[in-house]
Structure formats: structure tokens, C-alpha cells
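The values are calculated or read from the model by the stated rules, or taken from the named source; none is laboratory data. This structure is a prediction, so every number in the text was calculated from the model and none was measured. No Cβ is skipped: glycine too gets one built from the backbone with ideal geometry, and neighbour counts run over all protein chains shown. Note: areas computed on protein heavy atoms with side chains; ligands, DNA, RNA excluded. Shrake-Rupley method; radii C 1.70, N 1.55, O 1.52, S 1.80 Å.
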Amino acid sequence: MTVRHRIRQFFFPSFTPKFLLRVCLVALFAYIFFGHLCIPFRIQGISMEPTYHNGGVNFCWRVQYLFSEPKKHDVVTVRLAGNRVMLLKRVVAREGEQVEFRDGRLFVDGKEMEEPYVRYACDWNLPPRQVEKDYVYVVGDNRSMPIENHLFGQASEKRITGAPLW
Amino acid sequence: MVKIRYLLIGVLIVILGIVIVVTLFPSEEKRVKKQFHLLSEWVSKSPEENAFTMLQRMKNIGTLFDANCELKVPDQSLSGSYTREEISTYAGSARSHVSQLDLKFYDFDIAFPEIGVAKVTLTARLTGKSTAGEQMDETRELECRLRKIEKKWLFSQIEMVEVLKK
């Protein structure tokens, strides 16, 4: 088989049963992988700046918490009614822990948390509250906006669908 | 050869019949979804919208709701029961404060717990720009109840689901 013939075969393959089977298998794999295991998503919003930028593209790796639970400082995706729109947040506390914001600093169980990922000035104040059983406390990295404009709080572990790939 | 031709014509007629039936007699799920699409269309606003279109849309929004619709919003004074007229007025007032508005619904989960009642869980995303130039971006999970009255599905309850509890 000449090189020219191979190139032509690559771009204009003959529709043999073997080729059609291969196409079907690739399509099935892509549907399962990108539709259920590694879902591509586009970041819309600035609540995770500067770690994740508005307009950035990433993948939600759904296998991440299949056999483990989200840990503190993990960035997770939180589902709403389904998987088409999800929230991207960071876990700052786990069940049973007490969360509090004092002058923009985060305290968990009374101890100030080191948060190298928070780069912008913050002046939030939030009275202490305990994280309920089977819940995690999630907050965005960008806390420069007023506290009432930032979507954060306790999310049920059942709503944690995965983690961004990078 | 003639038999194959008749078979093909038969298959085509069956497909055409299915398409006609699906188009002319949509399922209850499709009818419910249509109400959301209409709500999305009439709530959304483009910067070029004229006064006549605005009035028409305000009037139309009211027709999607039951005589009394209950709104349940956590931690906000908006909760309560509203008449169609009140909803139209509030929608008009809210739309007048924005120059651009886009309401979209995702991840529909439709169930019919009893005859004439539909329970819909979905994600709603509202983006836009206020007349002062401020950007808006709100994403919430909603649980809606619609009642079938005179062959029309009408919103009778809208509840905002608290995904992140502060």
C-alpha cells in the first residue's frame, strides 16, 4: 500500500462493517467518558478568582469522590438540579466543625486557617456556625465582594459531583 | 424489487405518522416545558425592547400563573402568595430596572405526583445588566408546582431550593 493510498484511506475511509463498528465504539466511549466521567465545563463568574478565571475551560472529574470524601482545601463541583450548571467552590470545613469569619479571616473550630489561595482583601464577618452531618462548608476563593453577593455555605455531600481536573 | 419499494414507502409513512403525532399531540412533559420556555422568553429583555413589546410581555407573564401563586424564597421578604396581576406588576417593575435580562432553565426533572399536578425541579440562571450598568448573574435551583387548569399548565408554586445553607 503506497503512502498516498494510506493518506487517502485515512481521510476518505471505505465504509466497511469493521470501520462502522470502530466509529460506533469511539462514539460510545466518548459519550460515556465526556458525558458522565469527565464532563467538560466553562467557568462563568469570578467567585474562584484568582485560582480559576472567568471564561476558563476545565473538566469535572466525577470519579474523584467515588471512593473517598472531599477533604479540606479541595476544589469541588457542586450540582444544582443537574449536571449542566454546577458551582465551583473550595471546601473549607467538614461535618461537625465550626466555621466563622472575623474581619475577613476564616476560623475553623476557633483556629485561624491558612489560605494561600485567597489573594484579595476581604472584610467578611460571619458568626460561628456548625457544619451539619454529611455536609461540607464551601466558599469561593474570591472574597473581595460583599459577603451577601457571594454564594457560599453548607452543601450536602450528595451534591458534590467531582473535582476540576486542574 | 417491487416489494422493497413498498416496504420503504411503508416505513416512510410510519415515520411521517410518528412525526405528525408527536408534533400535533405533544406529551404532558413537553407542554410543561413549553410553559418554562414561554416564561424565559417573556421575562428576558433585550436592550432594543420598545414600550409596546414590554407591555405585551408584562401582560403575557401573568397568563402563565395560577390565580394565586405561592413564592417560597429562603431568608427573603419576597415569600408569599401573589395574584396574576401582582406578578405581572412585579415583573414589569423588576424589568424596568434592567437594560438587559436573560433567563434560562436547565436540567428539567418533571414528575406528575397526581393527576393535573406537575412537580418540576430545575436550575434557573438569570444574567443581565442593570440600568446603572451593574452586571447580574444569579443561578438557583427551583422546585415548581404547576396545575393543569382548562388544558393549560399554570405555575401555582415556586420554591427556591437552598443548595448552600449559610
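Residue count for the range A:146-166, restricted to those that are away from every other protein chain (no Cβ under 12 Å), in a loop (DSSP other than H, G, I, E, B) and under 16 Å from A:Thr51 (Cβ atoms): 2. Yes or no: the range B:91-100 includes at least one residue that is assigned to a strand (DSSP E or B), within 14 Å of chain A (Cβ to nearest Cβ) and farther than 20 Å from B:Phe65 by Cα. Scanning the range B:91-100, I find no residue that is assigned to a strand (DSSP E or B), within 14 Å of chain A (Cβ to nearest Cβ) and farther than 20 Å from B:Phe65 by Cα, so the answer is no.
When the range B:72-90 is limited to residues that are open to solvent by 50 Å² or more (accessible area, probe 1.4 Å), under 23 Å from B:Leu164 (Cα atoms) and of a type in the set (Gly, Ala, Ser), the one that is nearest to the other protein chains (Cβ to nearest Cβ) turns out to be B:Ser77. Tell me yes or no: at least one residue of the range A:131-142 is out of contact with any Cys (no Cβ under 6 Å at 6 or more places or on another chain), away from chain B (no Cβ under 14 Å) and more than 15 Å from B:Lys165 (Cα to Cα). The answer is yes; a qualifying residue exists. For the range B:145-158, check the following and say yes or no: at least one residue is within 24 Å of A:Val78 (Cβ to Cβ), at pLDDT 90 or above and outside any helix (DSSP H, G or I). There is at least one residue in the range B:145-158 that is within 24 Å of A:Val78 (Cβ to Cβ), at pLDDT 90 or above and outside any helix (DSSP H, G or I). Taking the listed residues A:Val26, A:Val57, the one that is open to solvent by 40 Å² or more (accessible area, probe 1.4 Å), without any contact (Cβ under 8 Å) to a residue 60 or more places away in the chain and more than 22 Å from the chain's Cα centre (by Cα) is A:Val26, with no other qualifying. Restricting B:Lys30, B:Lys3 to those that are of a type in the set (Lys, Arg), surrounded by fewer than 10 Cβ atoms within 10 Å (Cβ to Cβ) and without any contact (Cβ under 8 Å) to a residue 12 or more places away in the chain reduces the list to B:Lys3.
Could you tell me which residue of the range B:105-136 is farthest from the other protein chains (Cβ to nearest Cβ), considering only residues that are open to solvent by 40 Å² or more (accessible area, probe 1.4 Å) and under 22 Å from B:Arg147 (Cβ atoms)? So the residue we want is B:Ile115. With the structure loaded, tell me whether B:Ile61 is surrounded by 18 or more Cβ atoms within 10 Å (Cβ to Cβ), in contact (Cβ under 8 Å) with a residue 12 or more places away in the chain and not in a strand (DSSP E or B) or whether it fails that test. Against the criterion (surrounded by 18 or more Cβ atoms within 10 Å (Cβ to Cβ), in contact (Cβ under 8 Å) with a residue 12 or more places away in the chain and not in a strand (DSSP E or B)), B:Ile61 qualifies. Scanning the range A:69-88 for residues that are open to solvent by less than 30 Å² (accessible area, probe 1.4 Å), closer than 16 Å to A:Pro40 by Cβ and within 7 Å of chain B (Cβ to nearest Cβ) yields A:Gly82, A:Val85. When restricted to residues that are within 15 Å of the chain's Cα centre (by Cα) and either charged (D, E, K, R) or within 14 Å of another protein chain (Cβ to nearest Cβ) (or both), the range B:140-159 contains 11. Of the residues screened, A:Glu112 is not one that is acidic (Asp, Glu) and under 22 Å from B:Glu162 (Cβ atoms). The set of residues from the range A:103-157 being on the phi > 0 side of the Ramachandran plot and open to solvent by less than 20 Å² (accessible area, probe 1.4 Å) comprises A:Gly104, A:Gly153. Within the range A:87-145, the set of residues being part of a loop (DSSP other than H, G, I, E, B), aliphatic (A, V, I, L, M) and modelled with pLDDT of 95 or more comprises just one member, A:Val131.
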